[in-house]
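Asks: After the structure tokens below, expect a handful of questions from me.
The values are calculated or read from the model by the stated rules, or taken from the named source; none is laboratory data. Just so we're clear, the structure is a prediction, and the values are computed from it rather than from any experiment. Virtual Cβ from ideal backbone geometry, glycine too; neighbours counted across all protein chains shown. Side chains are part of the model used for accessible areas, which takes the heavy atoms of the whole protein and leaves out ligands, DNA and RNA. Shrake-Rupley method; radii C 1.70, N 1.55, O 1.52, S 1.80 Å.
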Amino acid sequence: MIDSYALLHMAKIKNVLVVCLGNICRSPMGEGILRDAIESAYLHVEVDSAGTQGYHAGEAPDPRAIRCMKEHGIDISQQSARKLMAADFEQFDLILTMDQQNFINAQNVAPNAILRQKVKPFLSSLPNAETQEVPDPYYGSRSDFEKVYELCSQAAQAWCKEWK
Ligand code: 4NP
């Protein structure tokens, strides 16, 4: 018999939510990178992002994140931060988190145990990667934002291969 857990994993992915803490650094970058990879792969998957905290709700991405992405040819300046909500678990097929704490916090927002299984690490598309976490660049330097870009780009390519 196919249970709801199996159904969740068989479903075609139509939309994805990228989640970090503040929704001004990693997840806006992840959103932009994933959308760009999806377009390049001619896939039809919608992407949005949110933060487990709402401190920066309504704000544009951090200027350092905008600049790093611009250097890679992707404009994320029009994004606006928002907080992850229980309703996101109904709306989105997959919720991709940047680090272990985001993973735990996002799971705790899920309305039930089945929907909680939609939460996965963004880097889990790279099972052999040396890290499963995208480090928080907020208190870091330019190279920390570049590291976010590199990790997210590799993982985004791998997600698109999985969804093809
Ligand atoms: P993000 O980075 O989770 O990648 O958006 C952070 C943004 C803001 C804060 C921490 C991390 N903050 O403490 O305000």
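Asks: Look through region 72-87, keep the residues that are within 29 Å of R116 (Cα to Cα) and within 16 Å of the ligand (Cβ to nearest atom), and return whichever of them is surrounded by the fewest Cβ atoms within 10 Å (Cβ to Cβ).
Replies: Ranking the candidates gives S80 first.
Asks: What tally of residues in region 16-38 results from selecting those that are near the ligand (Cβ under 10 Å from one of its atoms), assigned to a helix (DSSP H, G or I) and not small (G, A, S)?
Replies: Within region 16-38, residues that are near the ligand (Cβ under 10 Å from one of its atoms), assigned to a helix (DSSP H, G or I) and not small (G, A, S) number 3.
Asks: Restricting the search to region 13-22, which residues are open to solvent by 10 Å² or more (accessible area, probe 1.4 Å) and within 12 Å of D136 (Cβ to Cβ)?
Replies: Once the filter is applied, which keeps residues that are open to solvent by 10 Å² or more (accessible area, probe 1.4 Å) and within 12 Å of D136 (Cβ to Cβ), region 13-22 yields L21, G22.
Asks: Within the bounds of region 23-34, is there any residue that is within 18 Å of P135 (Cβ to Cβ), touching a residue at least 24 places away in the same chain (Cβ under 8 Å) and open to solvent by 40 Å² or more (accessible area, probe 1.4 Å)?
Replies: no
Asks: Also: If you take the residues in region 68-92 that are of a type outside the set (S, T, N, Q) and touching a residue at least 60 places away in the same chain (Cβ under 8 Å), which one is nearest to Y138 (Cα to Cα)?
Replies: Top of the filtered list is C68.
Asks: Limited to region 44-71, what total is found for residues that are exposed (fewer than 14 other Cβ atoms within 10 Å of the Cβ) and part of a loop (DSSP other than H, G, I, E, B)?
Replies: The qualifying residues number 3.
Asks: From the set of residues in region 92-116 that are touching a Leu at 6+ places or on another chain (Cβ under 8 Å) and open to solvent by 60 Å² or more (accessible area, probe 1.4 Å), which is farthest from the ligand (Cβ to nearest atom)?
Replies: I114
Asks: Another one. Checking W159 against (1) among the aromatic types (F, W, Y); (2) under 22 Å from F89 (Cα atoms); (3) open to solvent by 20 Å² or more (accessible area, probe 1.4 Å), which single condition isn't satisfied?
Replies: (3)
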